[in-house]
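Each value in this text was obtained by applying a stated rule to the coordinates, not by laboratory testing. The model shown is predicted, which means the values in this text are computed figures rather than measured ones. Here the Cβ is made from the backbone with ideal geometry for all residues, glycine too, and neighbour counts use every protein chain on show.
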Amino acid sequence: MKGGRQLAHLHIASWVLALALVGMVTTFARSKNRKATKITHIILRVVFLLILYSGGSLFASYENYDGLIILKLLVGLWAIAAMEIATVKYVKQKPAVVWWVQLLIAVSLALLLGFGFLPMGVLP
Ligand code: HEM
């Protein structure tokens, strides 16, 4: 199994940054700073591309695909979708609890699969 620690480091750095940016977007939205909200949200979407690039490259470096790695990919995509939809709904002041809960579940599952079960990267 090929792949690289550098890709895993980029992957971890990108989703940590994405979660921090979600916090910033909601903070700016709450303080009604429309310009900062918009700019931070654009940066967040660029970081989504970094998660997809690093995750996709890690995925592509697998030689054979079992259920766990497919599940990890799907859970990762779910986490990104939940981050985007929860943030958009929050900025538009629409009810978003369902998406914040999904974000919590998806990120927890991604951490469990990535750090707990799947072999590449920093852990296990
Ligand atoms: C917010 C979303 C995501 C989170 C929180 C997340 C979390 C993680 C974590 C914690 C690891 C283990 C890193 C390590 O051991 O060094 C990992 C590895 C991985 N992730 Fe993600 N990920 C996310 C999105 C994605 C996406 C969108 C994809 C696919 C396009 C993806 C594909 C992978 C792959 C293939 C690995 C390597 C698995 C292995 O360790 O063998 N991830 N991810």
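Treat each spin label as a single point 7 Å out from the Cα along the C-beta direction, and report the R45 to I105 distance in nm. For the pair R45/I105, the computed spacing is 2.7 nm. For the chain, modelled as a GNM whose springs connect Cα atoms under 10 angstrom apart, the maximal fluctuation among A96, A82, A18 occurs at A96. What FRET efficiency comes out for the pair K38/F115, r = Cβ-Cβ distance, R0 = 30 Å, nearest 0.05? For K38 and F115, the calculated efficiency is 0.35. Loop-resident chymotrypsin sites (Phe, Trp or Tyr not before Pro) (DSSP state other than H, G, I, E or B) in region 19-124 with no more than 14 further Cβ atoms inside 10 Å of their Cβ: Y65. Semi-axis lengths, largest first, of the ellipsoid equivalent to the chain are 29, 15, 10 Å, with √(5λ) applied to each eigenvalue of the Cα gyration tensor. GNM remark for the chain: springs join alpha carbons under 10 Å apart, and the peak mean-square fluctuation among V46, V98, V88 falls on V98. The value of relative contact order for the chain, using C-alpha pairs under 8 Å at least six residues apart, is 32 percent. For region 1-93, the set of trypsin sites (Lys or Arg not before Pro) satisfying both a DSSP loop assignment and a count of at most 13 other C-beta atoms within 10 Å is given as K2, K32, K92.
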